[in-house]
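Trainee: This is the structure I want to talk about, given as structure tokens.
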Amino acid sequence: MSVSRPSGSGHNSLSELRIDQERLWRRHMEMAEIGALDGGNCRLAMTPEDGRARDLFRSWCEKAGLTVRIDRAGNMFAIRPGTDMTAPMIVTGSHLDTQPHGGRFDGISGVLTALEVVETLNNANVTTTAPIAVVNWTNEEGVQFAPGLMGSSWFVGRLSDDDVMGALSRDGRTFEAAARDLGYLGAERPSDFAIGAYYELHIEQGPILENSRCQIGVVESVQGLRWLDVAVTGMDAHAGTTPMDQRQDSLQASARILVAVNELGRQFAPDARVSVGYLKTHTDGASTIAGRTDFVIDIRHPETRVLDELTEQCQRLCAREARTQNCTADVTLRISVEPGEFDRDCVAKVETAAKALGYPFMRMTSGALHDASNMTTIVPSVMVFVPCKDGISHNVNESAEPHDLAAGCNVLLRAVLASAK
């Protein structure tokens, strides 16, 4: 990764165009009132809170003169016309759903900066050849329904209609029923949208930009992902009467696996990420030995070869550690996303904008998956990162500075304009 600290700006007719920082911040705070939680937010996809957020976003878009269209997966496209409506749209946005104990910026900033770009163009009476669309992708977080990146995965063909419509929420409702009840089950399909390029702004969700004193991350690539569903099976038994050497304790076996996968990830440092963030036993009695435990192993790396090796080693160690407790481990691959390179021309547009505006920037790889990870498989795509305090995200303490969000939005404005012309 290289760091550049340019000065000066361009001298074209749009060189003085800037977004409204106060309006952008006000929108963040107003959106944060929906599903407010200890300084952060809880807005799970297709819950009433998500519905209220969607309604608020829709009202802002319609006041800005945008036409809102909703597809079969509930993705919202708010379209600003271009002078050539046959030209492919330039799309920018992210998602409004959050983690259960999430922050006010993860995903949300991408949607609100995209809307601010459009409103800035409106206020300055700037027309573009291509239409510009602000998108809110459905269920990026994958908490209420699985998997994550659901809306964009469906849009690019990685998930079928049945995969999305039949996905079950935590309380057993189908996605189709939840989306219909909220009024966000549309009829449009990906073929109804011609897209020329995709831009996504996001807080970095890590400490690199802040530590480097850079305002802008020009994201060149995104690392790959594997999710392994692991079911460890032993036998339910009484905790007070079953001797230690005669137990088939699935929770104890799972604990050993968790330690082993963590050690494996450390062996492939510094680029590897191997984590377990979800674990559930099928019994919850304090005096019962758990006969079955389920968890998910999250594996990430920027190289496919290493991802494959980590996946294979995780499968082997699950079987090995389960046997030590007289249990079995069934491992299945739920999600596989290959490492991706973003479009060179789009990357160059973001870098050119950062240079022209005089913002310190650096090129970098995204450690997290985003909807842009999907979009880059079908259209030229890129991401813009801005710093977040201490690199904290997926946490109610997640924080970003108004001037950093404004800087990223100004970069986004120029890059989108360069594509929409």
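Taken together, the values in this text are just the output of simple stated rules run on the coordinates, not laboratory data. The shown structure was predicted, so the numbers you read here are calculated from the model rather than taken from an experiment. Ideal geometry is used to build each Cβ from the backbone, glycine not excepted, and the neighbour counts take in all protein chains shown.
Trainee: Which whole-number percent gives the relative contact order of segment 281-401, counting Cα pairs below 8 Å spaced six or more residues apart?
Mentor: 15 percent
Trainee: Would you look at the GNM of the chain, springs on alpha carbons closer than 10 Å, and say which of 202, 238, 301 moves the most?
Mentor: 238
Trainee: To the nearest 0.05, what FRET efficiency results for residue 101 and residue 238 with a Förster distance of 25 Å applied to their C-beta separation? Intermediate results must be reported in sequence, preceding the final value.
Mentor: Working: r = 35 Å, r/R0 = 1.41.
It comes out at approximately 0.10.
Trainee: Along each principal axis of its Cα atoms, how long is segment 190-231 end to end? Whole angstroms, biggest number first, please.
Mentor: If we take the Cα atoms of segment 190-231, the spans are 42, 42, 15 Å.
Trainee: So, one more: Could you check how many percent of all C-alpha pairs in segment 224-337 are farther apart than 16 Å?
Mentor: 57 percent
Trainee: Once a ≥ b ≥ c are taken as the square roots of the eigenvalues of the Cα gyration tensor of segment 16-91, is the result rounded (a/c under 1.5), prolate (a/b larger than b/c) or oblate (a/b not larger than b/c)? Could the numbers behind the result be given before it?
Mentor: Working: a/c = 2.78, a/b = 1.37, b/c = 2.03.
In terms of gyration-tensor shape, oblate.
Trainee: Taking Cα atoms, how many degrees apart are the long axis of helix 402-420 and the longest axis of the chain, rounded to 10 and kept between 0 and 90?
Mentor: Roughly 70 degrees between the two axes.
Trainee: Using a 10 Å cut-off around each Cβ, can you sort 89, 375 from fewest to most neighbouring Cβ atoms?
Mentor: The fewest-first ordering by Cβ neighbours comes to 89, 375.
Trainee: Note the angle between two axes, namely the Cα long axis of helix 344-357 and the longest principal axis of the Cα atoms of the chain, as a number of degrees from 0 to 90, rounded to the nearest 10.
Mentor: Taking the Cα atoms of the chain, the angle to 344-357 is about 60 degrees.
Trainee: Among 121, 56, 112, 159, which comes first, then next, by fewest other beta-carbon atoms within 10 Å?
Mentor: 56, 159, 121, 112
Trainee: I need the shape label for segment 362-421. Rule: rounded when a/c is under 1.5, else prolate if a/b > b/c, else oblate, with a, b, c from the alpha carbon gyration tensor. It would help to have the intermediate numbers written out before the result.
Mentor: Details: a/c = 2.53, a/b = 1.33, b/c = 1.90.
Oblate.
Trainee: Using alpha carbons only, how many degrees (0 to 90, rounded to 10) separate the axis of helix 304-323 from the longest principal axis of the chain?
Mentor: 30 degrees
Trainee: Rank these for me by crowding, 359, 199, 184, 278, going from fewest to most other beta carbons within 10 Å.
Mentor: 278, 359, 184, 199
Trainee: Could you tell me what % of all Cα pairs in the chain have separations over 31 Å?
Mentor: 41 percent
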